[in-house]
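Read the structure below first, then the notes.
The values are calculated or read from the model by the stated rules, or taken from the named source; none is laboratory data. The model shown is predicted, which means the values in this text are computed figures rather than measured ones. All Cβ positions, glycine included, derive from the backbone under ideal geometry; neighbour counts span all protein chains shown.
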Amino acid sequence: MPEPNYDEGAAIAPTGAGGAVDLAMSEGESLEKTPGGPLGTGPAGKPRSLWSDAWHDLRRNPVFIVSALVILFLVLISIWPSLIASGDPLDCDLAKAQEGSQPGHPFGFNGQGCDVYTRTVYGARTSVAVGVLATLGVAVLGSVLGGLAGFFGGGWDGFLSRITDVFFAIPVVLGGLVLLSVVTSNTVWPVIGFMVLLGWPQLSRIARGSVITAKQNDYVQAARALGASNSRMLLRHIAPNALAPVIVVATIALGTYISLEATLSFLGVGLKPPTVSWGIDISSASQYIRNAPHMLLWPAGALAVTVLAFIMLGDAVRDALDPKLR
Amino acid sequence: MAELSKNGEAADATPNVTEVETVDAATEAEAVAAIEAPVGRGEPILQVRNLVKHFPLTQGILFKKQVGAVKAVDGVSFDLYQGETLGIVGESGCGKSTVAKLLMTLERATAGEVFYKGQDITKLSGRALKAVRRNIQMVFQDPYTSLNPRMTVGDIIGEPFDIHPEVAPKGDRRRKVQELLDVVGLNPEYINRYPHQFSGGQRQRIGIARGLALNPEIIICDEPVSALDVSVQAQVINLMEKLQDEFNLSYVFIAHDLSIVRHISDRVGVMYLGKMAEIGTDTQIYDHPTHPYTQALLSAVPVPDPEAREGRERIILTGDVPSPANPPSGCRFRTRCWKAEEKCSTEVPLLAIPERFQGQDTPAAHESACHFAEEKDVIHAA
């Protein structure tokens with residue numbers, strides 16, 4: 001056998017990754033972005049996958065850092081609200097109804113004389129729980145159904161596409177008013193169930209589309225040509241490459257589910273007292289907006305910041321996972 | 001409006017799902033045994049007979065009605081001999097890549113047979129099909145999409161061993177992958193790298209290493225170098241020739257670059273609009289073409305010598321390739337052919353040695369699907 005000349009490809013190829021590394025050397029920043037070429041290794045000395053490339057981009061994106069910190073904070077206080085609020089959200093004193101900010105009660109009191117600060121902190125738990133659980137349900141159901149439809153195609157795919165069309169035709173708020181008004185349960189589950197029921201078609205379309213795109217890639221054909229089974233093609237080749245859009249859309253949708261929960265609670269069909277939720281507080285405060293605006297502004301502000309944080313996180317993740325923006 | 005049925009296409013693309021035919025164990029074992037038997041050099045290893053692939057055109061959303069078909073491949077026959085390279089050339093859309101997919105059973109043929117060692121692989125399924133897939137492998141056109149970006153090179157080249165565990169015992173696989181990397185001229189230490197860390201030429205070598213992993217007998221190359229730089233093209237082609245000698249491979253080499261096909265091929269087939277127009281050895285096709293389409297194709301090859309270029313006759317075809325959904329009657333090439341006569345629109349010319357050359361010992365006596373086949377040397381014409 002002749003002496004192997006390993007670097008001939010990289011040395012001759014004008015578009016060789018070796019050349020890319022040389023170019024990048026002149027700009028310190030883009031050296032970080034160029035994963036190690038065959039001639040030189042990356043800064044970390046080991047190869048990076050697209051996911052770790054995305055993580056690398058995200059770490060220096062201020063939008064991501066701020067929104068991630070906000071979300072981290074929200075998750076912490078929804079697990080341990082007593083960390084920053086010592087009171088009881090259901091401990092109310094009617095004598096103090098609608099009173100403004102006082103020492104020990106920075107946000108004032110609501111119409112029932114409950115501490116607005118404590119209620120706002122405790123309300124995070126419901127919002128985050130509804131958002132996260134509804135998103136999980138939607139993502140799992142939507143991506144499994146849509147992914148299988150996209151992969152197998154045929155009649156099942158056509159059937160599922162028509163079903164999603166039907167669900168898209170249902171106005172969310174109207175559907176909520178109709179379906180949830182008959183529910184008497186006092187828990188968050190009916191609301192989550194409703195969101196999953198109306199939310200999965202969106203994710204299923206995204207998953208179907210990205211599976212169809214991934215399926216047409218030559219590496220899937222190559223795996224089939226090797227005799228790979230369907231489950232192998234789906235799990236090893238298609239799923240990892242089709243997951244990114246699903247994650248992005250799910251992250252953005254999480255924010256909208258939180259605001260949908262508030263909307264439904266505001267309309268009186270979502271969560272019901274004594275559950276502590278931003279939507280319930282906004283709803284009950286809305287009548288007193290002229291006399292005591294603080295009752296409305298604090299929970300509404302918390303809701304706005306939370307939704308914004310999730311949407312910005314989704315945006316940042318989408319940018320990081322899109323190789324065309326790199 | 002008619003549109004290409006996405007569903008129909010998807011159903012075709014997943015043959016494993018739709019396979020309902022059950023082959024009894026005895027015939028299957030027989031088929032596997034036949035597939036594993038060796039074939040002598042110079043004997044036909046792959047025989048393609050009247051291969052047809054029509055993609056249905058459907059109308060309607062809920063109730064689909066077939067309104068026609070794109071006749072991507074419409075009756076193609078050829079033989080591939082053990083150890084040879086058969087080049088298939090033709091312009092874009094003539095069905096070359098569909099032929100490759102049919103040979104790989106990535107698409108199911110509408111009609112016709114592909115015999116591999118006497119077994120019709122278009123009808124096989126299950127264990128027998130898997131055994132065929134071990135022996136027929138493919139190198140893809142685009143090295144940027146043919147490697148999974150989320151797998152390391154070691155996983156990509158090692159995947160054939162995961163699917164066919166009998167080829168290499170588990171502990172032996174890493175060494176095998178490194179050997180393969182070495183065979184295709186890549187550093188075995190690259191085993192843990194990801195595809196995006198390589199250049200196009202290196203990626204194509206990885207694709208070739210994956211194709212070689214199972215030690216196949218036939219490799220179908222679907223435009224393996226058209227996405228590469230000219231300098232890298234030469235390296236990859238030379239590597240493929242070296243591997244052919246080393247592993248005794250047979251290639252079906254699909255391309256639209258006539259010079260590369262001539263360089264690598266022993267025999268060449270020219271395709272036009274889903275049919276084989278002419279087939280013969282490389283000298284017969286390049287120096288003694290008898291089909292007008294081949295002559296037009298060859299006259300378009302750039303000639304580097306300006307002196308030779310002066311006196312050369314260029315055959316400029318008018319019009320576009322007709323739609324494969326509605327091909328011309330009779331000879332498919334007649335709408336653009338300068339020799340076309342009444343007969344061409346009524347009679348389909350068969351792919352056979354033209355009558356006027358039959359029994360003669362001239363290089364022009366090779367199969368050509370033309371009623372008015374005559375020799376015309378367009379390359380050396382001065």
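Being among the hydrophobic types (A, V, I, L, M, F, W, C), at pLDDT below 85 and out of contact with any strand residue (DSSP E or B) (no Cβ under 9 Å at 6 or more places or on another chain) is a property that A:I280 has. Could you tell me whether B:I206 is part of a helix (DSSP H, G or I), β-branched (V, I, T) and modelled with pLDDT under 90? For B:I206, the condition - part of a helix (DSSP H, G or I), β-branched (V, I, T) and modelled with pLDDT under 90 - is not met.
A quick yes/no check of all residues on (1) buried (at least 18 other Cβ atoms within 10 Å of the Cβ); (2) part of a helix (DSSP H, G or I):
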position	(1), (2)
A:A285	yes, yes
A:A292	yes, no
A:L296	yes, yes
A:L303	yes, yes
A:L308	no, yes
A:L313	yes, yes
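Taken together, B:Q137, B:Q119 contain a single residue that is crowded, with 19+ Cβ neighbours inside 10 Å and touching a strand residue (DSSP E or B) at 6+ places or on another chain (Cβ under 6 Å), which is B:Q137. In summary, helices (runs of 4 or more DSSP H) completely within the range B:50-165 and bearing 2 or more residues that are within 30 Å of A:F159 (Cβ to Cβ) occur at B:96-103, B:126-135. All told, A:S204 meets the bar of being assigned by TED's automatic domain parsing to the domain that holds A:P274, hydroxyl-bearing (S, T, Y) and farther than 30 Å from B:F161 by Cα. For the range B:9-18, the count of residues that are part of a loop (DSSP other than H, G, I, E, B) and at pLDDT below 85 is at least one. If you go through the range B:167-175 one residue at a time, do you hit one that is among the aliphatic types (A, V, I, L, M) and at the interface with another protein chain (Cβ under 9 Å from one of its Cβ atoms)? There is no residue in the range B:167-175 that is among the aliphatic types (A, V, I, L, M) and at the interface with another protein chain (Cβ under 9 Å from one of its Cβ atoms). Criterion first (over 25 Å from A:H294 (Cβ atoms), modelled with pLDDT of 90 or more and buried (at least 17 other Cβ atoms within 10 Å of the Cβ)) does A:L145 satisfy it? Criteria met by A:L145. Against the condition surrounded by fewer than 18 Cβ atoms within 10 Å (Cβ to Cβ) and more than 25 Å from A:I289 (Cβ to Cβ), how does A:S86 come out, does it pass? Answer is yes for this residue. Taken together, B:L214, B:L228, B:L243, B:L239 contain a single residue that is over 25 Å from B:L298 (Cβ atoms), touching a residue at least 12 places away in the same chain (Cβ under 8 Å) and either not assigned by TED's automatic domain parsing to the domain that holds B:E189 or not in a helix (DSSP H, G or I) (or both), which is B:L214.
Every listed requirement among (1) without any contact (Cβ under 8 Å) to a residue 40 or more places away in the chain; (2) closer than 19 Å to A:G131 by Cβ; (3) in contact with a helix residue (DSSP H, G or I) (Cβ under 6 Å, 6 or more places away or on another chain) is met by A:A304 save one, (3).
With respect to the numbered conditions (1) closer than 21 Å to A:I206 by Cβ; (2) without any contact (Cβ under 8 Å) to a residue 24 or more places away in the chain; (3) not hydroxyl-bearing (S, T, Y), which one is the sole condition not fulfilled by A:G142? Tallying (1) closer than 21 Å to A:I206 by Cβ; (2) without any contact (Cβ under 8 Å) to a residue 24 or more places away in the chain; (3) not hydroxyl-bearing (S, T, Y), A:G142 fails exactly one: (2).
Could you list all residues from the range A:212-245 that are in contact (Cβ under 8 Å) with a residue 40 or more places away in the chain and at the interface with another protein chain (Cβ under 8 Å from one of its Cβ atoms)? The answer is A:I212, A:K215, A:N230. The residues of the range B:170-184 that are surrounded by 17 or more Cβ atoms within 10 Å (Cβ to Cβ) and touching a helix residue (DSSP H, G or I) at 6+ places or on another chain (Cβ under 6 Å), listed by number, are B:R173, B:V177, B:Q178, B:L180, B:L181, B:V184. When B:V167, B:V132, B:V184 are screened for being within 30 Å of B:H54 (Cβ to Cβ) and in contact (Cβ under 8 Å) with a residue 12 or more places away in the chain, only B:V132 passes. Restricting B:P165, B:P195 to residues that are closer than 26 Å to B:Q233 by Cα, at pLDDT 85 or above and out of contact with any His (no Cβ under 9 Å at 6 or more places or on another chain) narrows the list to B:P195.
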